[in-house]
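In what follows, a structure is listed as structure tokens, so that the remarks can point back to it.
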Amino acid sequence: MIKLNQNSLLRYLPKVDDILGDESIKAKISGNSRTLVLESIREAIEDARKSILEGNAGELKQEGMRGKIIDYAVEIIEKKSEYNLRSVINGTGVVLHTNLGRALLSESAVERIMQVAANYSTLEYDLKSGKRGLRYSHIEDIICKITGAEAAFVVNNNAAAVLLALNTLSEGKEAIVSRGQLVEIGGSFRVPDVMRQSRAILREVGTTNKTHLRDYAENINENTGVLLKVHTSNYRILGFTEEVPIWELAEIGKKMNIPVLEDIGSGTLIDFSKHGMAGEPTVQEAVRYADVVTFSGDKMLGGPQAGVIVGKKKYLDEMKKNPFTRAFRVDKMTLAGLEATFRQYLDAEEALENIPTLKFLTASVDNLKTRAFKLAEMIKSRTSDFEIHVEEGESQVGGGSMPLEKLPTHVVSTRSTKLSSSRMESGLRKNNPPVIARINDDKVVLDVRTILDGQFDAVAEAFVKLQKGMDI
Ligand SMILES: *Cc1c(COP(=O)(O)O)cnc(C)c1O
């Protein structure tokens with residue numbers, strides 16, 4: 001009896017061509033490759049066949065079968081055509097979220113990257129002479145102008161910059177560094193390990209909490225290659241502490257003719273203490289004293305991933321000749337994005353307005369409050385299953401920058417009458433585009449600091465979908 005039923009249903013399974021020619025599917029799948037579409041339709045039909053044979057056809061009746069298979073095929077196509085590296089909505093309020101890609105680029109940086117990516121360019125071509133040009137020439141002037149450095153160039157990231165600087169300045173020689181600065185930045189970057197890789201000899205001086213100028217001075221010998229200062233960007237030693245300021249280090253470096261290298265990590269070009277945040281060392285300040293300064297392009301600078309190296313020309317010239325420079329070489333898109341980002345700093349106001357990282361970090365509490373109420377209202381007006389409130393909260397800078405800084409913000413705090421907070425959080429993550437939220441005090445929390453205005457609608461729709469999912 002069942003068998004008969006199955007067989008009769010199987011007879012109504014559509015053919016691939018049948019589905020492919022269906023008008024209702026055509027509009028939904030346009031833009032996808034034929035191979036992907038065929039494969040997905042086959043999978044959908046095969047799935048239906050299996051359900052029938054296993055007696056799990058459920059409501060799969062003759063009439064509705066075709067439509068169901070089409071819906072499922074479209075679902076498979078959408079899944080398969082999704083990129084692995086996807087855009088997400090960052091509701092965490094962590095501005096430089098390393099796992100979510102750190103800095104968002106400004107519009108002009110994006111525009112420049114697209115231009116340079118889609119066209120041939122003067123990457124290593126000198127238009128005047130018609131001969132080979134230098135890859136780094138495009139950004140050196142602007143970086144020097146903004147930072148006040150004598151020379152500048154760029155490698156893939158700050159980790160590479162530090163490795164290259166240490167290898168060039170201190171290979172086989174001692175690099176003197178304070179015990180209070182043997183930093184680990186996210187597991188794979190640990191100052192002692194980077195030193196080993198660079199073949200500089202680690203000469204740690206002082207103690208964890210206190211290092212004095214004499215600790216450096218007493219350890220300088222004929223085999224000293226460099227005096228290294230590392231910004232403890234992701235932690236602070238508080239209390240009974242002392243570290244040697246860069247200008248004092250620079251003084252003995254000068255006296256003993258030993259280069260001073262400072263890894264300042266985040267590369268701030270703006271004095272954030274004017275914006276109510278603890279002052280990070282600025283690049284301009286570091287470069288006044290240190291011989292070589294390295295920093296990241298995609299932290300507080302707000303540009304693409306890069307390691308920027310600025311300082312004295314004679315040391316940078318040596319570094320440019322190091323074979324590591326070729327290995328750490330940046331792509332044309334990085335140069336395009338970095339040039340555009342640096343140019344915006346010619347006008348600090350423009351930089352604060354147009355570089356998303358700076359804009360997010362300096363957003364006023366009033367502005368955040370207004371925006372939080374707007375988002376809360378959008379979700380409220382479209383759903384009924386959530387308790388939604390606007391609350392005061394704190395955002396973090398992230399990216400291992402300003403670890404103690406808590407930026408006052410306003411968050412949309414939500415609770416479902418039907419779902420647990422963790423189910424809600426994972427549901428939002430499964431949305432397209434995924435919404436990344438935090439759970440705080442058993443509530444799902446969205447910090448508007450890192451959510452773009454243009455994303456509010458998608459966030460509200462994610463809650464609509466979450467609510468629909470609940471009713472099933
Ligand atoms: C972040 C950081 C690094 C590593 O920079 P990347 O650009 O991520 O490679 C190195 N040193 C310090 C002090 C940092 O803060």
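Readers should treat all values here as calculations from the given coordinates under stated rules, not as data from a laboratory. None of these values were measured; they are calculated from a predicted model. Counting neighbours? That spans all protein chains shown, and the Cβs are built from the backbone with ideal geometry, glycine included.
Can you give me the three principal axis dimensions of the range 188-257 from its C-alpha atoms, in Å, biggest first?
Projected onto its principal axes, the Cα set of the range 188-257 covers 33, 28, 18 Å.
Over all distinct Cα pairs, what is the inverse of the mean 1/r for the chain, reported as the Kirkwood hydrodynamic radius in Å?
Kirkwood radius, the chain: 25.9 Å.
Principal axis lengths of the range 342-391 from Cα atoms, whole Å, largest first?
Here the spans come out as 49, 17, 11 Å, largest first.
How far, in degrees from 0 to 90, does helix 456-471 lean away from the longest principal axis of the Cα atoms of the chain, to the nearest 10?
On a 0 to 90 degree scale, this one is about 40.
When the distances between all Cα atoms of the range 319-472 are binned every 5 Å from zero, what whole-number percent does each bin get?
Histogram of Cα-Cα distances, whole percents per bin: 2, 8, 15, 17, 15, 12, 10, 8, 6, 4, 2, 1, 0.
Work out the P(r) tail for the range 43-154: percent of alpha carbon pairs separated by more than 18 Å, whole number.
Everything past 18 Å amounts to 75 percent.
The range 25-106: D in µm²/s via Stokes-Einstein (Kirkwood Rh, Cα pairs, 10 °C, 1.306 mPa s)?
Diffusion coefficient, whole number: 102 µm²/s.
Would you list, by chain and number, the aspartates and glutamates whose Cα falls below 12 Å from the Cα of residue 332, excluding same-chain residues fewer than 8 positions away?
The qualifying aspartates and glutamates are 124.
What area, in nm² and to one decimal, does the C-alpha convex hull of the range 217-360 cast on average over all directions?
The directionally averaged projection comes out at 10.6 nm².
For the range 115-267, what are Rg and Dmax over the alpha carbons, in angstrom?
Cα-based Rg and Dmax for the range 115-267 come out at 18.3, 61 Å.
For the range 286-406, just the Cα atoms, rotate onto the principal axes and tell me the three extents in Å, largest first.
Per principal axis, max minus min of the Cα coordinates gives 65, 30, 27 Å.
Take the cross-link list 255/320; 145/314; 254/314; 210/312 and give me the ones stretching past 23 Å between alpha-carbons.
255/320; 210/312
When a/c is below 1.5 the answer is rounded, else prolate if a/b is larger than b/c, else oblate, so apply that to the range 69-126 with a ≥ b ≥ c taken from the square roots of the Cα gyration tensor eigenvalues.
Here the range 69-126 falls in the oblate category.
Once the other residues with Cβ under 15 Å from the Cβ of residue 115 are scored (Lys, Arg +1; Asp, Glu -1), what is the net sum?
My count for the surroundings of residue 115 gives -1.
So if each residue of separation counts as 0.36 nm, and I subtract the Cα-Cα distance between residue 17 and residue 458, what length gain in nm does that give?
155.2 nm
Could I have the simple spin-label model distance between residue 121 and residue 145, label points 7 Å from Cα toward Cβ, reported in nm to one decimal?
In this crude spin-label approximation the distance works out to 1.8 nm.
For q values of 0.15, 0.23 Å⁻¹, compute log₁₀ I(q)/I(0) with the Debye formula on a Cα-only model of the range 106-180, without solvent.
Rounded to two decimals, the profile gives -0.79, -1.23.
Suppose we keep just the DSSP beta bridges with both residues in the chain; what percent of those would be antiparallel, to 5?
Expressed as a percentage, antiparallel bridges in the chain total about 60.
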